[in-house]
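Heads up, the thing below is written out as structure tokens.
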Amino acid sequence: MKQQLLLAVSAVFFSTSAFANGGFEPNPKACVNVGKEINRVSTEMKVAKSGIQKSWLKRQLGALESKRSHCSTKGFSTR
């Protein structure tokens with residue numbers, strides 16, 4: 001039982017730390033349109049009427065901002 005618990009906790013720890021950025025690996029091609037996508041999602045969020053839609057867009061915006069941060073850390077432009 002302890003071994004299974006240890007294995008489960010280890011799996012969760014490694015999966016969250018390894019994929020904290022969603023498996024996104026910054027490169028010039030992936031980073032080039034992140035800024036445009038952030039603008040698009042922000043605009044959609046302003047006009048969204050549904051709370052569910054706003055919540056989903058807010059999560060998407062957070063992921064995009066994380067991508068932008070990873071891109072700028074690696075020195076790639078996000079336009």
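Please treat every number below as a calculation from the coordinates, not as lab data. Just so it is clear, the model here is predicted, and its values are computed rather than measured. Note: ideal-geometry Cβ built from the backbone for every residue, glycine included; neighbour counts use all protein chains shown.
Counting other Cβ atoms within 10 Å, keep those with at most 15, restrict to DSSP loop, and tell me which trypsin sites (Lys or Arg not before Pro) in the range 41-78 are left. Please report the intermediate quantities before stating the final value.
Details: sites: LYS46, LYS49, LYS54, LYS58, ARG59, LYS67, ARG68, LYS74; in loops: LYS49.
Sparse-neighbourhood loop trypsin sites (Lys or Arg not before Pro): LYS49.
Residue by residue, what Karplus-based ³J(HN,Hα) values in Hz, rounded to whole numbers, does the range 23-32 have, using 6.51, -1.76 and 1.60 with θ = phi - 60° and x for Gly and Pro?
x, 6, 10, x, 8, x, 5, 6, 8, 4
So for the range 40-79, Kirkwood radius off the Cα pairs, Stokes-Einstein at 25 °C and 0.890 mPa s: how many µm² s⁻¹?
Details: Rh = 10.9 Å.
My calculation gives 224 µm²/s for D.
Could you give me the ³J(HN,Hα) list for the range 67-75, computed from phi with Karplus coefficients 6.51, -1.76, 1.60 and θ = phi - 60°, whole Hz, x at Gly and Pro?
These are the phi-based 3J(HN,Hα) values: 4, 4, 4, 5, 5, 5, 4, 7, x Hz.
Mind scanning LYS54/LYS74; LYS29/LYS54; LYS46/LYS67; LYS29/LYS49 and naming the pairs with a C-alpha gap bigger than 23 Å? Mind dumping the intermediate values first?
Numbers: LYS54/LYS74 30 Å; LYS29/LYS54 28 Å; LYS46/LYS67 21 Å; LYS29/LYS49 33 Å.
Result: LYS54/LYS74; LYS29/LYS54; LYS29/LYS49 exceed 23 Å.
Test of understanding: what is the full-extension gain from ASN33 to SER55, defined as 0.36 nm times their sequence separation minus their Cα-Cα distance? Walk me through the numbers on the way to the answer.
Details: separation 22, 0.36 × 22 = 7.92 nm, distance 2.25 nm.
The ASN33-SER55 span can extend by a further 5.7 nm.
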